[in-house]
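Structure record follows, encoded as structure tokens.
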Amino acid sequence: MPSPFPGMDPYLEDPIEWSDLHVRLMVAISRQLTAQIAPHFYVRVEQRVSIVDPDDDERRVIIPDVYLAQTGVSSPSQTTGAASIAAPTLITILDELELREHYLEIYDARNRTVVATIEVLSPVNKAGGPKQAAFQSKRRAVMASPAHWIEIDLLRAGERPPEVAGKSDYYALLKRGGQPGLYAVWYCSLRDPLPIIAVPLRAPFADVPLDLQAALTDAYAEARYDDQLTYQGSPPPPLLPADVTWVKARVAAWRDRAGH
């Protein structure tokens with residue numbers, strides 16, 4: 001079944017769920033754009049890797065992709081029934097973790113230069129501290145370059161840039177390369193479908209549409225979140241009282257349709 005909600009599913013904002021959704025959104029957006037811009041441009045899923053220290057606040061809001069470990073001693077083999085279990089090597093988990101953040105870049109196929117960067121924000125981009133500072137530094141650098149910058153924020157929690165703070169539940173922002181100080185922003189509330197936004201390329205090619213709701217719908221169906229999510233309680237972060245009532249009504253109607 002589709003999600004109970006016409007737009008963003010607030011239960012997928014939970015950091016535990018978001019880790020999976022983020023990757024699936026990257027793939028859904030990439031597929032949608034590639035179908036429109038090939039063969040003149042292509043889309044790649046890129047990543048940046050940083051180390052999360054033991055005292056970093058980010059450890060509370062992320063699920064790392066890789067644990068760094070050091071090797072230790074071997075454990076003796078065991079025999080159970082007719083088969084012998086091979087002796088494993090015991091390792092000790094180190095305190096530092098690798099944090100891998102994925103984003104999309106559109107490249108010009110003629111010269112392999114970056115045309116646009118697309119970031120779907122994660123909790124670590126909005127939680128303050130050095131990781132958010134590093135993200136903001138990259139944001140400023142791309143905005144000062146000839147490349148286009150698109151950021152998509154489907155998380156109500158966390159800090160936002162001052163130009164969009166407090167304006168809506170969700171938003172998408174476009175800063176076109178070569179246009180200093182001018183942003184296009186698509187605001188969206190919890191109760192609305194996600195918008196279709198513009199993705200600029202390079203002359204003589206026109207902007208192409210990116211249907212964020214279609215990308216989310218595809219990701220939801222592919223993951224079968226309707227089988228995974230219990231839709232119990234109130235989703236994080238806390239909702240406004242009117243939205244609490246609305247969310248409960250949407251979930252109740254969804255359960256009735258599903259026969260739960």
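The values are calculated or read from the model by the stated rules, or taken from the named source; none is laboratory data. The shown structure was predicted, so the numbers you read here are calculated from the model rather than taken from an experiment. Backbone-built Cβ (ideal geometry, glycine too); neighbour counts: all protein chains shown.
Name the pairs: first residue in segment 232-260 and more than 17 Å from Leu190 (Cα to Cα), second residue of a type in the set (Lys, Arg), Cβ to Cβ under 9 Å, at least 6 apart or on different chains?
Every condition considered, no pair remains.
Look through Ala157, Ala172 and report the one residue that is aliphatic (A, V, I, L, M) and surrounded by 20 or more Cβ atoms within 10 Å (Cβ to Cβ). Show your work before the answer.
Working: Ala157 fails: surrounded by 20 or more Cβ atoms within 10 Å (Cβ to Cβ).
So the residue among Ala157, Ala172 that is aliphatic (A, V, I, L, M) and surrounded by 20 or more Cβ atoms within 10 Å (Cβ to Cβ) is Ala172.
Condition check: in a helix (DSSP H, G or I) and either touching a Cys at 6+ places or on another chain (Cβ under 7 Å) or charged (D, E, K, R) (or both). Does Arg255 satisfy that? Walk me through it before giving the result.
On the way: in a helix (DSSP H, G or I): yes; either touching a Cys at 6+ places or on another chain (Cβ under 7 Å) or charged (D, E, K, R) (or both): yes.
Here the answer is yes, as Arg255 does meet what is asked.
Got a number for residues in segment 150-160 being farther than 15 Å from Cys188 by Cα and either touching a Leu at 6+ places or on another chain (Cβ under 7 Å) or without any contact (Cβ under 8 Å) to a residue 12 or more places away in the chain (or both)?
Result for segment 150-160: 1.
Scanning segment 115-140 for residues that are over 15 Å from the mean Cα position of the chain (by Cα) and within 16 Å of Gln179 (Cβ to Cβ), which turns out surrounded by the most Cβ atoms within 10 Å (Cβ to Cβ)?
From segment 115-140, those over 15 Å from the mean Cα position of the chain (by Cα) are 115-116, 128-131, 133-134, 136-140; that's our starting set.
Next cut, within 16 Å of Gln179 (Cβ to Cβ) only: 115-116, 139-140.
On the way: Val115: 23, Ala116: 26, Arg139: 18, Arg140: 11.
Among residues in segment 115-140 that are over 15 Å from the mean Cα position of the chain (by Cα) and within 16 Å of Gln179 (Cβ to Cβ), the one surrounded by the most Cβ atoms within 10 Å (Cβ to Cβ) is Ala116.
In segment 130-148, is there at least one residue being assigned to a loop (DSSP other than H, G, I, E, B) and either in contact (Cβ under 8 Å) with a residue 40 or more places away in the chain or among the basic types (Lys, Arg) (or both)? First the steps, then the outcome.
We begin by selecting, within segment 130-148, every residue assigned to a loop (DSSP other than H, G, I, E, B); these are 144-147.
With the extra rule that they be either in contact (Cβ under 8 Å) with a residue 40 or more places away in the chain or among the basic types (Lys, Arg) (or both), the set shrinks to none.
No: segment 130-148 contains no residue that is assigned to a loop (DSSP other than H, G, I, E, B) and either in contact (Cβ under 8 Å) with a residue 40 or more places away in the chain or among the basic types (Lys, Arg) (or both).
Residues to consider are Pro200, Pro209, Pro237, Pro195; find the one that is under 23 Å from Lys126 (Cα atoms), in contact with a strand residue (DSSP E or B) (Cβ under 6 Å, 6 or more places away or on another chain) and surrounded by 11 or more Cβ atoms within 10 Å (Cβ to Cβ). Before you say what the answer is, go through the steps one by one.
Values: Pro200 fails: under 23 Å from Lys126 (Cα atoms); Pro209 fails: under 23 Å from Lys126 (Cα atoms); Pro237 fails: in contact with a strand residue (DSSP E or B) (Cβ under 6 Å, 6 or more places away or on another chain).
Testing whether each residue is under 23 Å from Lys126 (Cα atoms), in contact with a strand residue (DSSP E or B) (Cβ under 6 Å, 6 or more places away or on another chain) and surrounded by 11 or more Cβ atoms within 10 Å (Cβ to Cβ) leaves just Pro195.
Considering only segment 174-205, state which residues are closer than 20 Å to Glu105 by Cβ, of a type in the set (D, E, K, R) and touching a residue at least 40 places away in the same chain (Cβ under 8 Å).
Looking only at segment 174-205, we keep the residues that are closer than 20 Å to Glu105 by Cβ, and these are 174-179, 183-184, 197-203, 205.
Now narrow it down to the ones that are of a type in the set (D, E, K, R): 175-176, 202.
Of everything in segment 174-205, just one residue is closer than 20 Å to Glu105 by Cβ, of a type in the set (D, E, K, R) and touching a residue at least 40 places away in the same chain (Cβ under 8 Å), namely Arg202.
Consider Tyr187 carefully, then state whether it is in contact with a Lys or Arg (Cβ under 7 Å, 6 or more places away or on another chain), outside any helix (DSSP H, G or I), surrounded by 13 or more Cβ atoms within 10 Å (Cβ to Cβ) and not aliphatic (A, V, I, L, M).
Numbers: in contact with a Lys or Arg (Cβ under 7 Å, 6 or more places away or on another chain): yes; outside any helix (DSSP H, G or I): yes; surrounded by 13 or more Cβ atoms within 10 Å (Cβ to Cβ): yes; not aliphatic (A, V, I, L, M): yes.
Yes; evaluated as a whole, the condition is true for this residue.
Can you pull out the residues in segment 215-236 that are β-branched (Val, Ile, Thr) and in a loop (DSSP other than H, G, I, E, B)?
Step one: filter segment 215-236 for residues β-branched (Val, Ile, Thr), giving 217, 230.
If the condition is that a residue be β-branched (Val, Ile, Thr) and in a loop (DSSP other than H, G, I, E, B), then Thr230 is the only one that fits.
Quick one: would you say Val45 is in contact with a strand residue (DSSP E or B) (Cβ under 9 Å, 6 or more places away or on another chain), surrounded by fewer than 18 Cβ atoms within 10 Å (Cβ to Cβ) and at pLDDT below 95?
Numbers: in contact with a strand residue (DSSP E or B) (Cβ under 9 Å, 6 or more places away or on another chain): yes; surrounded by fewer than 18 Cβ atoms within 10 Å (Cβ to Cβ): yes; at pLDDT below 95: yes.
Answer is yes for this residue.
List the number of the failed condition for Arg224; all other conditions in (1) at pLDDT 95 or above; (2) on the phi < 0 side of the Ramachandran plot hold.
Arg224 satisfies every listed condition except (2).
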